[in-house]
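Student: Pasting in a structure now, in C-alpha cells, and then I'll have a few things to ask.
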Amino acid sequence: MRWQQVLPQLANLEDPAAQELFSQAQEVSLPANSIVFHQGDPCSNYLLVLEGSVKVLTRAENGREIVLYRLAAGDSCVLTTSCLFGNVPYPAEGSTETAVTALSIPARAFKKAIQQSDAFRTLVFQTFTAHLASVITLVEEVAFGRLSSRLARYLVKQAESGTRINITHQALATELGSAREVISRQLKEFEGSGLVTLQRGSIQLQNMDALKQLAGV
C-alpha cells in the first residue's frame, strides 16, 4: 500500500523538513490481535494507521479496563503524540483488532519536523486536538453519564451493521469502563423491559425506538 493514497494531506507537504521526514518513514504490518504498545513502554515512533483497526485501552490496578478510542485508516494516536512531546512512557495499551498497516516515523525525525515544518506541525496539532476532544467526551460520559444511557447508545451504534450484536458482557464492560456484573445486571433490566434478548455471546435488539430514546439519539 502506498501511504500517499491514504494520507494525501501529508503527501502534499513540500517543505524540506517534511520531505526529510518522509524519507525516514517506513510502512509496517502487524497481524490481528497483536500488541502495538504496552502500558509503560517508551514511545519511539509516531504511527499513522493506513489500514485496519487499533484499539487503545487503559487498565486500572484492580483490573478494570476501558477502551479510550479506536484508530482507523488515516488516524494517528493522541497518546503517542503526547508521549513524544512529553518524553514520557505510554499510559495505556494499544492492540490491533484486525491486520494493520501503519506508517512508522522515528521519534527523532518526528520531533525535528515538528520544530522545522510549520505545515507538518499544524497538521499534527489538528489531529491531536480532534482526538483529545473525543477522549474528554468519554471521560465526561463515564464520570457523569448514566450507564443505562451509555449502554443503549453503544448498542444503537453497533446496530448499524444489524440488530444482532456478537459481544460478551465482559467485552461490553471494557468498552464502557464498567464491571461485568454491572453490565449484566443492566442488560437483564433491558431484557425485562423488552428492549433486548440475551443469548450466549450475543445480544438481539428487540425495540430499537425505545433504545434510541434511552440513548438520547
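Where a number appears in this text, it was derived from the coordinates with a stated rule and is not lab data. Owing to the predicted nature of the structure, the values given are computational and were not obtained by experimental measurement. Cβ placement follows ideal geometry from the backbone for every residue including glycine, while neighbour counts extend to all protein chains displayed.
Student: Please report how far the C-alpha centroid of region 33-54 lies from that of region 109-137, rounded to the nearest whole angstrom.
Tutor: 17 Å
Student: Within 10 Å, count the other beta carbons around each residue, average over each peptide in 77-83, 171-177, and list them highest first.
Tutor: On the way: 77-83: 22.1, 171-177: 19.7.
With the highest mean Cβ count within 10 Å placed first, the list reads 77-83, 171-177.
Student: Unpartnered cysteines of the chain (Cβ-Cβ under 4.7 Å counts as a partner)?
Tutor: Lone cysteines by the Cβ rule: C77.
Student: Something else about it: Determine the dipole magnitude for the chain: charges of +1 sit on the beta-carbon of Lys and Arg, -1 on that of Asp and Glu, nothing else is charged, the reference point is the Cα centre, and the result goes in debye to the nearest 20. Walk me through the numbers on the way to the answer.
Tutor: On the way: 19 positive and 20 negative charges, 95 e Å.
With Lys and Arg at +1 and Asp and Glu at -1, about 460 debye.
Student: Still on this model: Read phi for every residue in region 46-63 and hand back ³J(HN,Hα) as whole Hz from Karplus 6.51 cos²θ - 1.76 cosθ + 1.60, θ = phi - 60°, with x for Gly and Pro.
Tutor: Taking θ as phi minus 60°, the curve returns 9, 10, 10, 6, 9, 7, x, 9, 10, 9, 10, 9, 10, 10, 7, 4, 7, x Hz for region 46-63.
Student: Please state the shape class of region 146-215: rounded when a/c is under 1.5, otherwise prolate if a/b exceeds b/c and oblate if not, all from the C-alpha gyration tensor.
Tutor: Working: a/c = 1.32, a/b = 1.21, b/c = 1.09.
It is rounded, given that a/c, with a ≥ b ≥ c, falls under 1.5.
Student: Check the chain and count each lysine pair with an alpha-carbon distance under 24 angstrom, considering only pairs eight or more places apart or from different chains. Write out the running numbers ahead of the final one.
Tutor: On the way: K55/K157; K157/K188; K157/K212; K188/K212.
Qualifying lysine pairs in the chain: 4.
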